[in-house]
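Undergrad: Handing you a structure now.
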Amino acid sequence: MLTYNELIELKKKLANEEVTLEYAKESCWKDFQEGARAWHTNDWKKRRSEVLKDKCEICDSKETLTLQHLSHTLKYNDYEREVTKRYTETFIGSNSIVDKFEFSEHVIKDYDYVPIPLCPNCEDNRPNKRVRKLPQYLCAVCRHEFDKPVYKSVEELIAIFYENEDAIEVRDKCFISKDKWKNKLNLSNIKYWFQRNMAKTKDNETIGKEAFLLYLDDNIKYLSFSDTITACKKCAFSYDIKNMELCPKCKEHYKGIQYATCIQCLPEDRRKAALETIEFGKEMHAIHKKLGID
């Protein structure tokens, strides 16, 4: 695991094209071990001692102090996904037209088509399938009864899609990807992912480098302790696990980090409404638990 200064140096070299993206990734992850954490390293412990204050910045306690990060690092894949999304939007903006023949081949090759049953009278896609009564189907729109629905072919759906991408006939997610994920998509979804793959292929190296620089930035920020406070064990646990912190007004009760004060410090009318809401939630939870739906 690279130290704080080593990460800064690696980022500088990658940004200045002194090293390749492959080299940077290998250098950053070569000593990675499952379960290893930055705070286990000597580099962390040494620099931590230089910034750790002598009391909790939340409750003033001096017992079992630690550095509490107010933000956490993301995984590299998260950055790659966000950067790819941005490049995809740019690519689609300048390459909105997709060759119909090429798209059709992609749909047939990479997706299984499960056609949606349609009413033979009005072609609505919501006929009710009956279990005991014949004819088996009843159209919810025109009330037509029938045993054999009609189906549109892949070619027909694609033809409609190229005439009007918002047509109701092409909204159903009737295509299942042939990969291990078996995702259900409609033609609009498939077009987006098709264009996304084209954008990623076109700018693969640039996307990878930009994402990795963001990843390094995030880790450097985390290791710098710039976004931390000194907290006692109780306050750190409340912040990290429960998303709660000590109320700055009364310094006695804990509150959700998104709120300005705890319930006890609210004006009387708001405090009463909040307590009633909490009580109602508890009652509903008890009912759900009793019914086995919690």
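Undergrad: Could we say that residue 132 is more than 35 Å from the chain's Cα centre (by Cα) and charged (D, E, K, R) here?
TA: yes
Listed here are the residues, each with its yes/no results for (1) closer than 30 Å to residue 26 by Cα; (2) not polar (S, T, N, Q).
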{"site": "227", "(1), (2)": "yes, yes"}
{"site": "234", "(1), (2)": "no, yes"}
{"site": "249", "(1), (2)": "no, yes"}
{"site": "252", "(1), (2)": "no, yes"}
{"site": "255", "(1), (2)": "no, yes"}
{"site": "261", "(1), (2)": "no, no"}
{"site": "269", "(1), (2)": "no, yes"}
{"site": "274", "(1), (2)": "no, yes"}
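Results for (1) modelled with pLDDT under 95; (2) surrounded by 16 or more Cβ atoms within 10 Å (Cβ to Cβ), shown as yes or no for each residue.
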| position | (1), (2) |
| --- | --- |
| 184 | no, no |
| 191 | no, yes |
| 203 | no, yes |
| 227 | yes, no |
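Undergrad: Would you please name the residue that is surrounded by the fewest Cβ atoms within 10 Å (Cβ to Cβ), looking only at residues in the stretch 157-182 that are aromatic (Phe, Trp, Tyr) and in a helix (DSSP H, G or I)?
TA: Once the filter is applied, the top-ranked residue is 162.
Matching residues to (1) loosely packed, with under 11 Cβ neighbours inside 10 Å; (2) without any contact (Cβ under 8 Å) to a residue 40 or more places away in the chain; (3) of a type outside the set (Gly, Ala, Ser); (4) touching an Asp or Glu at 6+ places or on another chain (Cβ under 8 Å):
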{"residue": "99", "(1), (2), (3), (4)": "yes, yes, yes, no"}
{"residue": "115", "(1), (2), (3), (4)": "no, no, yes, no"}
{"residue": "118", "(1), (2), (3), (4)": "no, yes, yes, yes"}
{"residue": "154", "(1), (2), (3), (4)": "no, no, yes, no"}
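Undergrad: Here is a further query. If I go through the stretch 229-276 residue by residue, how many of them are surrounded by fewer than 13 Cβ atoms within 10 Å (Cβ to Cβ), within 33 Å of the chain's Cα centre (by Cα) and not in a helix (DSSP H, G or I)?
TA: Of the residues in the stretch 229-276, 6 are surrounded by fewer than 13 Cβ atoms within 10 Å (Cβ to Cβ), within 33 Å of the chain's Cα centre (by Cα) and not in a helix (DSSP H, G or I).
The values are calculated or read from the model by the stated rules, or taken from the named source; none is laboratory data. Computed from a predicted structure; not experimentally measured. Heads up, the Cβs are rebuilt from the backbone with ideal geometry, glycines too, and the neighbour counts pull from every protein chain shown.
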